[in-house]
Amino acid sequence: MSQDYQHKAPIGIFDSGYGGLTILSEIRKALPQYDYIYLGDNARAPYGTRSFEIVYRFTLEAVQYLFDQGCQLVILACNTASAKALRTIQQNDLPLIDPHRRVLGVIRPTVEILNNVTRNGQIGLLGTPGTINSQSYTAEVAKLYPQYTVYGQACPMWVPLIENKETDNAGTDFFVKKYIDELMAQNALIDTVILGCTHYPLLHSLIRKHLPQHIEILSQGTLVAESLKDYLQRHPEMEQRCSRNGRCTFLTTESSEKFTETATLFLQDTITARQIELG
Ligand code: DGL
């Protein structure tokens, strides 16, 4: 692995599959000047129902791969990976691999802005079973806003429905309503709902339809993009190590044709991907 900090490299963006593309597209809008390598571990997705150990191992392999490509900064554009792997990677692995590189997640930037949005501190969280069971949002909210309460609702059917391009049918409508009803049954006073999975912006209009209209819905793309912009301003030593040609490379562990076709749904743009192997 290169230890040359004069060397400039793309920012790495990792997700278990396609969901991180919703984050990438907002990051590219906010910071078009940088280069990016997007890596989707599509062959092993979804991560949302996998154990802590497996999500951690897969995520570390992906981070290591992106480091091997020269990336100095990697964003885990996946809530499940951020919830289950980020802290261990930051605390245990990075000091051994390379203390000058950074790995950031999507949970902190989402939680940070809650005080600008909620009026009563009753926060709903929609996510994969992995994210909800990890209690990572609850812990992060408790650190920043101990007076708030988080009500988590796992939505295990949503990622498979999105990845199978079933967003426009009655079955999906049923499962969106089901989980929203279960969330609101936990506390009818919830006034802010976090889409705590990077896939869920693709269900935004259905979620909006079934949630009471006064409830604010937080999508993470713009929040993470703004937070990254702020991070790079506060860390010029990292900013100087990010290359600037406005290019983006797409890597997937599944077939590149399949990735290219489905990525269009998430990006409203045509891209070309390359298949790689992890592990
Ligand atoms: N995109 C992932 C997240 O934000 C979920 C997809 C998966 O289950 O792999 O949690």
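Name the single residue, out of those in segment 1-36 being of a type in the set (Phe, Trp, Tyr) and at pLDDT 95 or above, that is nearest to the chain's Cα centre (by Cα). Walk me through how you get there before you give the answer.
Taking segment 1-36 and keeping what is of a type in the set (Phe, Trp, Tyr), we get 5, 14, 18, 34, 36.
Retained after the next criterion (residues that are at pLDDT 95 or above): 14, 34, 36.
Details: Phe14: 8, Tyr34: 19, Tyr36: 15 Å.
Step by step, filter segment 1-36, then rank; the result is Phe14.
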Residue tally, condition within 12 Å of the ligand (Cβ to nearest atom), open to solvent by less than 10 Å² (accessible area, probe 1.4 Å) and among the aliphatic types (A, V, I, L, M), over segment 194-208: 2
Count of residues meeting criterion [near the ligand (Cβ under 8 Å from one of its atoms) and in a loop (DSSP other than H, G, I, E, B)] in segment 71-80: 2
From the list Ala83, Ala62, Ala30, which residue is of a type outside the set (Lys, Arg) and near the ligand (Cβ under 9 Å from one of its atoms)? Ala83
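On the given criteria, is Asp173 at pLDDT 95 or above, outside any loop (DSSP other than H, G, I, E, B), under 30 Å from Asp68 (Cβ atoms) and acidic (Asp, Glu)?
Details: at pLDDT 95 or above: yes; outside any loop (DSSP other than H, G, I, E, B): yes; under 30 Å from Asp68 (Cβ atoms): no; acidic (Asp, Glu): yes.
Taking the combined requirement at face value, the residue does not satisfy it.
Table: residues versus (1) in contact with a strand residue (DSSP E or B) (Cβ under 6 Å, 6 or more places away or on another chain); (2) touching a residue at least 40 places away in the same chain (Cβ under 8 Å); (3) more than 19 Å from Tyr200 (Cβ to Cβ); (4) among the aromatic types (Phe, Trp, Tyr).
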site	(1), (2), (3), (4)
Leu24	yes, yes, no, no
Tyr36	yes, yes, yes, yes
Gly40	yes, yes, no, no
Cys71	yes, yes, yes, no
Ala77	yes, yes, no, no
Lys84	no, yes, no, no
Ile89	yes, no, yes, no
His100	no, yes, yes, no
Would you point out the residue of segment 100-122, among those that are of a type in the set (Lys, Arg) and away from the ligand (no atom under 16 Å from the Cβ), that is most open to solvent (accessible area, probe 1.4 Å)? Arg119
Can you pull out the residues in segment 185-213 that are more than 24 Å from Glu166 (Cα to Cα) and assigned to a helix (DSSP H, G or I)? Ala185, Gln186
Would you mention how many residues in segment 226-264 are open to solvent by 70 Å² or more (accessible area, probe 1.4 Å) and either among the acidic types (Asp, Glu) or at pLDDT below 95 (or both)? 5
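Say whether the condition of being in a helix (DSSP H, G or I) and in contact with a helix residue (DSSP H, G or I) (Cβ under 8 Å, 6 or more places away or on another chain) is met by at least one residue in segment 8-20. Steps first, answer last, please.
Keep residues of segment 8-20 that are in a helix (DSSP H, G or I), which gives 20.
Now narrow it down to the ones that are in contact with a helix residue (DSSP H, G or I) (Cβ under 8 Å, 6 or more places away or on another chain): none.
No, segment 8-20 contains no residue that is in a helix (DSSP H, G or I) and in contact with a helix residue (DSSP H, G or I) (Cβ under 8 Å, 6 or more places away or on another chain).
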Is there any pair with a first residue in segment 160-182 that is under 20 Å from Tyr47 (Cβ atoms) and a second that is assigned to a loop (DSSP other than H, G, I, E, B) and polar (S, T, N, Q) whose Cβ atoms are under 8 Å apart and which are 6 or more apart or on different chains, and what are they? Leu161/Thr167
Within segment 146-157, identify whether any single residue is without any contact (Cβ under 8 Å) to a residue 40 or more places away in the chain and assigned to a helix (DSSP H, G or I), and answer yes or no. no
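Test of understanding: among Tyr65, Tyr145, Tyr137, which residue is open to solvent by 40 Å² or more (accessible area, probe 1.4 Å) and not basic (Lys, Arg)?
Working: Tyr145 fails: open to solvent by 40 Å² or more (accessible area, probe 1.4 Å); Tyr137 fails: open to solvent by 40 Å² or more (accessible area, probe 1.4 Å).
Answer to the selection: Tyr65.
The values are calculated or read from the model by the stated rules, or taken from the named source; none is laboratory data. Model, not experiment: these values are computed from the prediction. Reconstructed Cβ throughout: ideal geometry from the backbone, glycine too, with neighbour counts over all protein chains shown. Surface accessibility is based on the protein's heavy atoms, side chains included, excluding ligands, DNA and RNA. Shrake-Rupley method; radii C 1.70, N 1.55, O 1.52, S 1.80 Å.
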